[in-house]
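Read the figures in this text as sums done on the coordinates, not as results from a lab. Predicted model, so just to flag it, every value in this text is computed and none were measured. Note that each Cβ is placed from the backbone with ideal geometry, even for glycine, and that neighbours are counted across all protein chains shown.
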């Protein structure tokens, strides 16, 4: 191995392998950090979502309403009942307004 060309070849090959190992280590480290960051962000988002839901439930319970989902038929019945009550109130107000207008004429 006294030939300088052979020494240069092996030196170049060793240098290329060393650089390759360093690049592999850097890339794998970077990908690992990206994976950790992604996992942390997903966990943070999940925690934030849970906090928002807990706050909404707490606010609803303080307001006296429940946020637990009810069956679709009972909520539809409750909604229809509320609409019917509002229509009755509107009809009553119209009748009272008509009486008031007739008295002023």
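Things to note:
- Note on the chain: helix-only mean residue ellipticity at 222 nm, from DSSP H runs of 4+ residues weighted -39500 (n - 2.57) and normalised by residue number, equals -33000 deg cm²/dmol.
- Rounded to the nearest 10 degrees, the angle from helix 4-63 to the longest Cα principal axis of the chain is 10 degrees.
- The calculated FRET efficiency for residue 23 paired with residue 43, based on their beta-carbon distance and R0 = 30 Å, is about 0.50.
- Overall dimensions of the chain, expressed as equivalent-ellipsoid semi-axes from the Cα gyration tensor (√(5λ), whole Å, largest first), are 81, 17, 12.
- At R0 = 35 Å, FRET efficiency that the Cβ-Cβ distance of residue 32 and residue 55 yields, to 0.05: 0.50
- Compared with the dominant Cα axis of the chain, that is its longest principal axis, helix 72-104 is turned about 40°.
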